[in-house]
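These notes concern the structure reproduced below.
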Amino acid sequence: MNTLTHGNDHGGHVGTAGMPLLLDSAMGIDGDMHVNAMDSAMALDDVDLFGDPVMDTTLDNPLNLPSRPEPNKQLQQRLQELRTRGCCQGIAWSRQGTIASVTKDGRAIDLRFLRSRPDNGAWELSESYSCSNTLSSPVGIISHLAWGATSSPELAVIDTVGRISILSFSITLNRCYAVRKWDLDPVDDLHAVVGCYWLPLALQPTRPFNVFYGPAVWEETKYRYETSPVLGWGPWHPNPAKSALVCVTTNGLLKLIYSQHNNRVEETVLELESVTSSDDLITHASLCSDRNTLLIALATASKQLRVVRATLQWGLPQQADKQAPPGSMPLSPSMKEKHVAVTSWLQHGPNEPALDTSMAQLSHIEMLPPAFVRLPNNTQHVHPPLVLTVRSYLPPDSSPYSQDPQSVIDRWEILSDHPQTVHPAFEQLGAKNGSVSVAPPTMARLRKLESIAVPKIIVSISMLQLGKVICFTFSDGTVQYRDRLTMNEVYNEHNVNSIMSLHQVGFQFTNDTPCLQSVFSPTGCSFAQICEDGEVKWNKMHYPMEEFNVAMQGNRHGAVLAALTVAIAAASQNNCDDVLAIARPFAENPDFMYAWLRQMMTALKIPVDYSEDAHHDQLVRNHNLQLCLSILNHLGFRGEFQPRSFGSKFAMLGLNVRNIVILITIASNMPNTLKEKLSPLDEPEVVDTLAGCAKWAVDLLSWLADCLFQLADDPTFMAILSDQKRFPELANYLQSRGDVSLHLLLCSSTRGFLSAACRRLFHLETLSRRANNFYEKTAQTQKDSDPAAAAARPTSALYHAYQKMQRFTSSSLVKVNMFEELVNQLGKDIRAAYRDSLSGLVNNFKPPPSNNPQQAQQLLQTADEQMIKKAQQHCELDMLLASNPPPSFREVIHKFFTTSIAAFRDQTDSARLYFSNFDLLEVEDDPKSLARRRAAGQYVDVFRRAEMYASSNGEISQPPMVGVGDYRVNGLMTLSRNLQPGGAGQTNAAGNEAGAAGAGSGSAQLLGHTAAYSSAVPGWRRCVRCASVMEDVFGHRMPGFTFVLAQQRKCSCGGNWGVVLKSDVHP
């Protein structure tokens, strides 16, 4: 028996109306006519309800309507996973740039990251690195990945039975350490995790908010970049550098997994719901922070939506010691729950079609925190928390109707305005007792908002722009942005007057590929997706090539710059490599590169004027300046052994000298809390590293001197300096020569780095001289007392390291103290030029009339200082971006070359400078030098500043690091204490204890990698942004070296490290 039905082709309610037709070959019809199913009778498919033949034209689809594609089996399986339980996100993107994804078999994790290709600088998704043999489980498969927000990213790996492992990526993007293993977790389906949440990092008490950048608003002739504060709420870990993982299980438990003050990982549990039957099981959960509490949305098997508020107390004493470092107190956390509201998550809207029973199954749930909106009167309005759910319908293969896939988005606001009523009897009782009745507090309720139907299948939900925008990713690979408050679509139209997204100025995602899962980058400008075949694909925004040339002109050029500026500003605290990948095609135009950086420094308000005698600490800690130099360095990078642009060479040298200053400072000035445990200058590996840094810095000073001497001998250059009319040609001429030496000295920021490097070199020279004197006196004393034993005793590795340091610092072709005097004198002349040239601006300023002379004078003085600072900032920014120095600098530069350089040259061997080898600096970009370095496979270790070599067959090598021989003899552990005033020594036992702690072994274990990864022995790290390399050093037990190495967690340009294979280092 078959039943024919007529349905609604538009996806509405399907009705079943028809008549049964009983056809059988043995059944006849009364009369002379008989029907046989195998005979000439019409087939059932050729008969309509009234027995007439079906028109052929209908079967041939004369209207050419598009046929509905058959549902993909992988998508059906993925949708079933989403409906079964929450926490089944198989791909996640960390703030530092690691893309972790579950392998096809669900037994391991693949790690990827964005990288700039070493051969041409173009961006791509790296190959996969399998990180975890120990994560394979014979019980279940890996179901969920979630990244924490710590600076050393932590990845929570959760399997189908709720076991949790936490991996730390403290050094590189593709190597992890297990800080928590799941071996001791129970194997029970009732402990399956259906919702998890990493606590946010604690904000500074002086600034308890996050800065929201944007939009860029057009005002007459330029864009103004707005910023607004967004309050940040806890709870958070007492240690500002740590987070904690909160999980909800299917049996109603709330788990808190946290790190103790001694880095031991512990957990505590709270029962949220009492599960007594299968209907009480929790299928999906979502958490968020709200006013220092946790707001939890729970969806149960009985289609209930429950909201619970949990408070978290860390068990710290009320009167904690203010002198104790943050997070140094033992923790004893406890949690309490309070039920807020309950309703049913299955509430059909008036316009919602009931397509199928599958629409009564939940696929997503999101708990959104309160949202702040700034009103026109400059006050903020708080919108209540929001619960968002998704129910999706995918037509089955057997459906004979042309129905479209559909997702329904439901929303509930959590309001606290529901009044409580008191029974009149209680009011009468209060009146009799003479007491005044008090209105009971209001109750919370869930207010259902209008549902939204989308004719696609939602596979992922992402929160962008600090929760202001919700992004839905669909199974066909497309994305949709909606406002968090109104749920209206945004960024779907061009708008150059108020720019908040790259979409508004013409950027768009291309090559939409059907996917099962997706995750957005920290910037929201690209996303990674797991395709239907299980492969991971990276999709970034592109600017239409047919409009590329138009975008470089007129107002559209400014709009593109503003959109990229807003994107990079919003991601200044996160990894922003995908924004660089989007902007790189524009870098072919050098004007674009400098214009973008100028906009960026304006939006972020980055100080670049360090012309006054300020402490170098402020300059070194200017991380936004490092970011701008890093972008300048990358956009001018054309590949290894290829000439860099003028700006890239300038930025590369500035970033490297900054990094050397930091390393020498860290090794020489230990924090007071670590002086008793660590003494880096008593370890030969540290001293050897500092010796390499000293050699690089000495070579830089020598190279600068040689370049300045060549400029002094250049008649064209000197003619430009001698003629005021030709002075505007200076910057263009220097760029044509590719000579950045003068700009490095004129810019106050890079001049400050050079001055700091000179002081550090002088410090290392003094330290190495004292150390060698100490060793020589000790050896002479031992020789006088026992010549035979002294001759048999081997020379310590630490002595060899200090000899190497002294050799590098004392044999410089340029006297460091004289070069520092040269730099300081130039700085004085520049300050005088600023003062003389900017005094005219001050004299032209007229303060408003005032009856108070003292107030008028103070106002005039304040205005003078602001005008001068603003003018100096403008001049410094011009020189930093390779523009011409201000006209007032002509006399300063002319005097510098005719007087200062001439005197300095008399004290220097110019011939030795000219024929010196500066390969360590990697600045020689003539074809012959580049070809020689390529043929030799020559690289420079960014950390040790030593040459490394890679042959064409993939063999990589580097000079051996100074060994860790027996140098702790005869009291040599106290060497640095004896050489530095106020220093502190340590004992052997203290050193061993510090070494065990500093190496970071403890409970952490290095996870194994695949055979492809292990082939990189000895391994290298490569910066994913600038392609610099360093030796892959890890696992050392020397505490001082481990501490200093920890300062090199990132490249000198601020990019992240990735451990590379042999194939990546072929010359």
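Anything in the stretch 272-284 that is open to solvent by 10 Å² or more (accessible area, probe 1.4 Å) and touching a residue at least 24 places away in the same chain (Cβ under 8 Å)? List them, or say none.
Looking only at the stretch 272-284, we keep the residues that are open to solvent by 10 Å² or more (accessible area, probe 1.4 Å), and these are 273-281, 283.
Hits for the stretch 272-284 are Glu273, Val275, Asp280, Leu281, Thr283.
Considering only the stretch 290-313, state which residues are surrounded by 22 or more Cβ atoms within 10 Å (Cβ to Cβ) and among the hydroxyl-bearing types (Ser, Thr, Tyr).
Passing the criteria: only Thr300.
Test Phe646 against the criterion of being open to solvent by less than 30 Å² (accessible area, probe 1.4 Å), more than 22 Å from the chain's Cα centre (by Cα) and farther than 25 Å from Ala697 by Cβ, and give yes or no.
Numbers: open to solvent by less than 30 Å² (accessible area, probe 1.4 Å): yes; more than 22 Å from the chain's Cα centre (by Cα): yes; farther than 25 Å from Ala697 by Cβ: no.
No; evaluated as a whole, the condition is false for this residue.
Confirm whether Cys247 is of a type in the set (A, V, I, L, M, F, W, C), open to solvent by less than 10 Å² (accessible area, probe 1.4 Å) and either in contact with a Gly (Cβ under 9 Å, 6 or more places away or on another chain) or not in a strand (DSSP E or B) (or both). Talk me through it step by step, then tell me what you get.
On the way: of a type in the set (A, V, I, L, M, F, W, C): yes; open to solvent by less than 10 Å² (accessible area, probe 1.4 Å): yes; either in contact with a Gly (Cβ under 9 Å, 6 or more places away or on another chain) or not in a strand (DSSP E or B) (or both): yes.
Answer is yes for this residue.
Would you point out the residue of the stretch 490-507, among those that are open to solvent by less than 90 Å² (accessible area, probe 1.4 Å) and either among the charged types (D, E, K, R) or not in a loop (DSSP other than H, G, I, E, B) (or both), that is farthest from Leu564 (Cα to Cα)?
The residue in question is Ser498.
Regarding Ser168, is this residue within 20 Å of the chain's Cα centre (by Cα) and modelled with pLDDT under 90?
Numbers: within 20 Å of the chain's Cα centre (by Cα): yes; modelled with pLDDT under 90: no.
No.
With respect to Val211, determine if the residue is under 30 Å from His381 (Cα atoms), in a strand (DSSP E or B), in contact with a Lys or Arg (Cβ under 7 Å, 6 or more places away or on another chain) and open to solvent by 20 Å² or more (accessible area, probe 1.4 Å). Reasoning before the result, please.
Details: under 30 Å from His381 (Cα atoms): yes; in a strand (DSSP E or B): yes; in contact with a Lys or Arg (Cβ under 7 Å, 6 or more places away or on another chain): no; open to solvent by 20 Å² or more (accessible area, probe 1.4 Å): yes.
So Val211 does not fit the description; no.
Test Ser407 against the stated conditions and say whether it is modelled with pLDDT of 65 or more, open to solvent by 70 Å² or more (accessible area, probe 1.4 Å) and among the hydroxyl-bearing types (Ser, Thr, Tyr).
Here the answer is no, as Ser407 does not meet what is asked.
What are the pairs with Cβ atoms under 7 angstrom where one residue, in the stretch 816-830, is touching a residue at least 40 places away in the same chain (Cβ under 8 Å) and within 13 Å of Leu746 (Cβ to Cβ) and the other, located anywhere, is open to solvent by less than 30 Å² (accessible area, probe 1.4 Å) and among the basic types (Lys, Arg)? Sequence gap at least six, or different chains.
If the second residue must be open to solvent by less than 30 Å² (accessible area, probe 1.4 Å) and among the basic types (Lys, Arg), the pairs left are Val823/Arg751; Gly827/Arg751.
Condition (residue is surrounded by fewer than 14 Cβ atoms within 10 Å (Cβ to Cβ) and out of contact with any helix residue (DSSP H, G or I) (no Cβ under 9 Å at 6 or more places or on another chain)) applied to the stretch 514-523: is it met by at least one residue? Can you show your working first?
Going residue by residue through the stretch 514-523, those that are surrounded by fewer than 14 Cβ atoms within 10 Å (Cβ to Cβ) are none.
Taking every residue of the stretch 514-523 in turn, none turns out to be surrounded by fewer than 14 Cβ atoms within 10 Å (Cβ to Cβ) and out of contact with any helix residue (DSSP H, G or I) (no Cβ under 9 Å at 6 or more places or on another chain).
If I filter the stretch 708-725 for residues that are closer than 19 Å to Ser1028 by Cβ, open to solvent by less than 10 Å² (accessible area, probe 1.4 Å) and modelled with pLDDT of 95 or more, do I get at least one hit?
Quick first cut of the stretch 708-725, residues closer than 19 Å to Ser1028 by Cβ only: none.
No, that holds for no residue.
Considering each residue of the stretch 470-495, count those that are closer than 22 Å to Asn210 by Cα and in contact (Cβ under 8 Å) with a residue 40 or more places away in the chain, and give that number.
The total comes to 4.
Just name the residue that is most open to solvent (accessible area, probe 1.4 Å) out of those in the stretch 877-903 that are touching a Phe, Trp or Tyr at 6+ places or on another chain (Cβ under 8 Å) and in a helix (DSSP H, G or I).
Checked the stretch 877-903; the qualifying residue most open to solvent (accessible area, probe 1.4 Å) is Arg890.
Might you check whether a residue that is crowded, with 20+ Cβ neighbours inside 10 Å and either within 30 Å of the chain's Cα centre (by Cα) or assigned to a loop (DSSP other than H, G, I, E, B) (or both) occurs anywhere in the stretch 260-269? Even if it seems obvious, please write down each step before you answer.
Initial filter on the stretch 260-269 (crowded, with 20+ Cβ neighbours inside 10 Å): none.
No, the stretch 260-269 contains no residue that is crowded, with 20+ Cβ neighbours inside 10 Å and either within 30 Å of the chain's Cα centre (by Cα) or assigned to a loop (DSSP other than H, G, I, E, B) (or both).
Quickly run through the stretch 175-207 and pick out the residues that are touching a strand residue (DSSP E or B) at 6+ places or on another chain (Cβ under 6 Å), farther than 17 Å from Glu266 by Cα and among the β-branched types (Val, Ile, Thr).
If the condition is that a residue be touching a strand residue (DSSP E or B) at 6+ places or on another chain (Cβ under 6 Å), farther than 17 Å from Glu266 by Cα and among the β-branched types (Val, Ile, Thr), then Val193, Val194 are the ones that fit.
Among Arg759, Arg751, Arg769, Arg726, which is the only one that is without any contact (Cβ under 8 Å) to a residue 60 or more places away in the chain and under 24 Å from Tyr834 (Cβ atoms)? Steps first, answer last, please.
Numbers: Arg759 fails: without any contact (Cβ under 8 Å) to a residue 60 or more places away in the chain; Arg751 fails: without any contact (Cβ under 8 Å) to a residue 60 or more places away in the chain; Arg769 fails: under 24 Å from Tyr834 (Cβ atoms).
After applying the criteria, what remains is Arg726.
Just the residues that are touching a Phe, Trp or Tyr at 6+ places or on another chain (Cβ under 9 Å) and open to solvent by less than 10 Å² (accessible area, probe 1.4 Å), please, taken from the stretch 810-832.
Correct list: Val814, Phe819, Leu826, Ile830.
Filter the stretch 326-359 down to residues that are farther than 30 Å from Gln313 by Cα and touching a Lys or Arg at 6+ places or on another chain (Cβ under 7 Å) and give me whichever is modelled with the lowest pLDDT.
Taking the stretch 326-359 first, the residues farther than 30 Å from Gln313 by Cα are 344-359.
Then drop every residue that is not touching a Lys or Arg at 6+ places or on another chain (Cβ under 7 Å), which leaves 344-347, 359.
On the way: Ser344: 94, Trp345: 93, Leu346: 90, Gln347: 84, Met359: 72.
That would be Met359.
Could you look through the stretch 97-106, keep only residues that are surrounded by fewer than 22 Cβ atoms within 10 Å (Cβ to Cβ) and either free of Cβ contacts under 8 Å to residues at least 24 places away in the same chain or in contact with a strand residue (DSSP E or B) (Cβ under 7 Å, 6 or more places away or on another chain) (or both), and pick out the one that is farthest from Phe527 (Cα to Cα)?
Narrowing the stretch 97-106 to residues surrounded by fewer than 22 Cβ atoms within 10 Å (Cβ to Cβ): 103-106.
Filter once more, so that each one left must be either free of Cβ contacts under 8 Å to residues at least 24 places away in the same chain or in contact with a strand residue (DSSP E or B) (Cβ under 7 Å, 6 or more places away or on another chain) (or both): 103, 106.
Details: Thr103: 18, Gly106: 21 Å.
So the residue we want is Gly106.
Hey, Gly467 hits all of (1) in contact with a strand residue (DSSP E or B) (Cβ under 6 Å, 6 or more places away or on another chain); (2) assigned to a loop (DSSP other than H, G, I, E, B); (3) of a type in the set (Gly, Ala, Ser) but one; which does it fall short on?
Every listed condition holds for Gly467 apart from (1).
Name the pairs: first residue in the stretch 579-592 and over 17 Å from Phe509 (Cα atoms) and surrounded by 17 or more Cβ atoms within 10 Å (Cβ to Cβ), second residue small (Gly, Ala, Ser) and at pLDDT 90 or above, Cβ to Cβ under 8 Å, at least 6 apart or on different chains?
Ala587/Gly636
How many residues does the stretch 905-925 contain that are without any contact (Cβ under 8 Å) to a residue 24 or more places away in the chain and exposed (fewer than 14 other Cβ atoms within 10 Å of the Cβ)?
Selection size over the stretch 905-925: 4.
The values are calculated or read from the model by the stated rules, or taken from the named source; none is laboratory data. Since the model is a prediction, treat every value here as computed from it, not as a measurement. Virtual Cβ from ideal backbone geometry, glycine too; neighbours counted across all protein chains shown. Remember, those area values only see protein heavy atoms, side chains included, never the ligands or the DNA or RNA. Shrake-Rupley method; radii C 1.70, N 1.55, O 1.52, S 1.80 Å.
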